[in-house]
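One structure is given here, and the rest of the page talks about it.
The values are calculated or read from the model by the stated rules, or taken from the named source; none is laboratory data. Values in this document were obtained by computation on a predicted structure and should not be read as measured data. Ideal geometry is used to build each Cβ from the backbone, glycine not excepted, and the neighbour counts take in all protein chains shown. Surface accessibility is based on the protein's heavy atoms, side chains included, excluding ligands, DNA and RNA. Shrake-Rupley method; radii C 1.70, N 1.55, O 1.52, S 1.80 Å.
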Amino acid sequence: MKKFIVCVLSLLIVLSLFAACGKKESNDPTPTNNVPASDTLSVETIGEALALKGEGEFQSATLEKAYVVVFEKDGVYWRVIAELTPEQHDEIFALDILDEDHEEKEKELVSPLKVTKCENLNEKKLSDDDMTALVGKTGAELFDSGWTTGMGHDLESMEFYLEYAPFAYTVTFEKQEQLENTDDFDEEAAVASLKVVSVSFSGLGNSATEIPEYSEEFADE
């Protein structure tokens with residue numbers, strides 16, 4: 001009988017331990033770090049997109065056939081496009097840019113525009129491995145593969161702010177003491193033969209809102 005009681009007590013202790021473990025596991029908070037950002041964005045109007053932009057980088061532009069908004073939210077860069085009719089285009093361009101209420105008036109006009117395309121630009125962003133792979137290449141090799149200049153440079157540090165659409169990167173080239181800033185300084189020619197030392201991500205480039213198929217003028221009717 002005593003042996004039976006000991007077995008029962010042992011079984012109860014084991015069951016209580018399992019219950020305690022289960023209770024502890026169920027009370028643990030769900031981890032919130034390292035959660036990947038969503039790769040989709042559900043917005044129906046430009047106004048809804050503008051409401052999401054937050055404090056991150058932001059650009060907007062009125063093209064011939066579209067209004068474009070580009071912004072960063074939670075580490076993801078989005079490009080939202082609303083196609084324009086000729087009348088909508090002309091109405092936006094008719095606004096006086098010197099008007100102190102210009103920004104609000106433009107927002108009022110573009111907010112109801114229906115979104116026709118939404119892109120996750122992170123797919124076009126170079127990864128750390130991509131940037132590391134550029135070390136040792138020459139400036140000419142970068143330009144031949146689609147990189148562009150025009151965002152500035154610092155000859156003292158040999159940092160050139162180049163663009164690989166739609167983003168900008170800081171590209172450091174090997175030292176070249178004889179380079180001097182002049183009125184006709186040609187960035188591309190200056191670093192064409194120089195090798196890349198490092199590449200780092202900077203943010204949105206000047207071409208983030210440039211979309212050729214929406215920049216063509218409307219055909220005359």
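Here are some notes:
- Distance (nanometres) between label positions extended 7 Å along Cα→Cβ at ILE97 and ASP183: 2.5 nm
- With 0.36 nm allotted per residue and the present C-alpha distance subtracted, the GLU83-LEU155 stretch has 21.7 nm of extension available.
- Net length gained if the chain between ASP90 and THR45 were fully extended (0.36 nm per residue, minus Cα distance): 14.3 nm
- The GluC sites (Glu not before Pro) of region 133-197 that DSSP puts in a loop, and whose beta carbon has at most 11 other beta carbons within 10 Å, are GLU156, GLU177, GLU180.
- Percent RCO, i.e. relative contact order, over region 71-221, from Cα pairs under 8 Å lying at least 6 residues apart: 22 percent
- Solvent-accessible surface ranking, highest first, for LYS105, LYS53 at 1.4 angstrom: LYS105, LYS53
- Calculated FRET efficiency, ASP130 to GLU174, Cβ-Cβ distance, R0 = 25 Å: about 0.80 to the nearest 0.05.
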